[in-house]
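Below is one structure, written out as structure tokens; the observations come after it.
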Amino acid sequence: MAKKPPQQPEDIFAELLEDLINSLGTDLLSVVLFGSAAAGRYVKGRSDMNLLIMVAEGAQRTTSRLLPFFSKWSPAGVAPPLVMTPDYLAASTDVFPIEFLVMSATHKTLHGEDPLEALELEPAHLRLQLERELKGKVTALRTRLLASGGDARALTELSREALPAFVAFFQAYLKLTTGGFPGDPAEVLGAAAQAGLQVEAFQKLGQVRAGQIKPSPPELVALWEEGIAELDEISHQVDRLAV
């Protein structure tokens, strides 16, 4: 039977874990909650509950075994879980250091040992992925901005979809340059500005996404162009970082 969103994430932990154990048996090593629900920012009906599920090496057919679990719990706001083995996790920190940086900063172990506790991320790998992601986003945003044709709905959708990804990039920059970053995404842009980054356009785009300001389509195009220019400059700064 499909579940409804809980008042608080912990209301479903016991039954959710029971279902995971029934689905994976001894192949289940640990379950980790990460993201807003682990950080105390859960909002019923709006927040996803993100899970990292660690399984034993050689575990077979984990996707098909988890299909009934996900069918039951996705209506409750459980996002498609990340399923990994210990070897896969250890071999991926050089490829996805930004993702693991953000995940490890805010997480809660629900079952088994914490696979993120002793995770080591090399600054050189973090810097390289950050530069690659920033330069890729600059190109992608220019293309999407042009494809919008200046349409108000398309521009609003761009602001809604694109902005959350950039918080992780600013967190990675702060980690490289200051050694840490705020746990609350709402504070990251302010910390980035204090660290010397030019992020005024992104701060205004955040206000657009929140509905606090409503620029006209030409103004929104100009604002995104300013944001792209900021990203381009940040990518050059990241390129020059010595780590």
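The single residue among Q203, Q212 that is surrounded by fewer than 20 Cβ atoms within 10 Å (Cβ to Cβ) and outside any helix (DSSP H, G or I) turns out to be Q212.
The rows are residues; the columns are (1) part of a strand (DSSP E or B); (2) over 28 Å from E226 (Cα atoms).
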{"position": "T109", "(1), (2)": "yes, yes"}
{"position": "P115", "(1), (2)": "no, yes"}
{"position": "L126", "(1), (2)": "no, no"}
{"position": "Q129", "(1), (2)": "no, no"}
{"position": "L134", "(1), (2)": "no, no"}
{"position": "R142", "(1), (2)": "no, no"}
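A single entry from A192, A168, A172 fulfils the requirement of being surrounded by fewer than 21 Cβ atoms within 10 Å (Cβ to Cβ) and among the hydrophobic types (A, V, I, L, M, F, W, C): A168. The lone criterion from (1) closer than 15 Å to A37 by Cβ; (2) out of contact with any Gly (no Cβ under 9 Å at 6 or more places or on another chain) left unmet by M84 is number (1). Across segment 144-169, the number of residues qualifying as aromatic (F, W, Y) and closer than 12 Å to I228 by Cα comes to 1. From the list L130, L66, which one is buried (at least 16 other Cβ atoms within 10 Å of the Cβ), of a type in the set (A, V, I, L, M, F, W, C) and outside the structural domain of K175 (by TED's automatic domain parsing)? Sole residue among the options that is buried (at least 16 other Cβ atoms within 10 Å of the Cβ), of a type in the set (A, V, I, L, M, F, W, C) and outside the structural domain of K175 (by TED's automatic domain parsing): L66.
Residues considered: L146, L163. Of these, the only one that is of a type in the set (A, V, I, L, M), surrounded by fewer than 19 Cβ atoms within 10 Å (Cβ to Cβ), touching a residue at least 12 places away in the same chain (Cβ under 8 Å) and assigned to a helix (DSSP H, G or I) is L163. A192: touching a residue at least 40 places away in the same chain (Cβ under 8 Å) and either in contact with a His (Cβ under 8 Å, 6 or more places away or on another chain) or not in a loop (DSSP other than H, G, I, E, B) (or both), yes or no? It is false that A192 is touching a residue at least 40 places away in the same chain (Cβ under 8 Å) and either in contact with a His (Cβ under 8 Å, 6 or more places away or on another chain) or not in a loop (DSSP other than H, G, I, E, B) (or both). Kindly evaluate T106 against the criterion of being of a type in the set (S, T, Y) and not assigned by TED's automatic domain parsing to the domain that holds A91. It is false that T106 is of a type in the set (S, T, Y) and not assigned by TED's automatic domain parsing to the domain that holds A91. Out of curiosity, is L116 within 30 Å of A14 (Cα to Cα), of a type in the set (A, V, I, L, M, F, W, C) and outside the structural domain of L17 (by TED's automatic domain parsing)? When the stated conditions are applied, L116 passes them. Residue count for segment 81-107 under the criterion of being without any contact (Cβ under 8 Å) to a residue 40 or more places away in the chain, touching a strand residue (DSSP E or B) at 6+ places or on another chain (Cβ under 9 Å) and in a loop (DSSP other than H, G, I, E, B): the result is 3. Kindly check whether there is at least one residue in segment 45-54 that is within 20 Å of S30 (Cβ to Cβ) and over 15 Å from the mean Cα position of the chain (by Cα). Checked segment 45-54: at least one residue is within 20 Å of S30 (Cβ to Cβ) and over 15 Å from the mean Cα position of the chain (by Cα).
The values are calculated or read from the model by the stated rules, or taken from the named source; none is laboratory data. This structure is a prediction, so every number in the text was calculated from the model and none was measured. Counting neighbours? That spans all protein chains shown, and the Cβs are built from the backbone with ideal geometry, glycine included.
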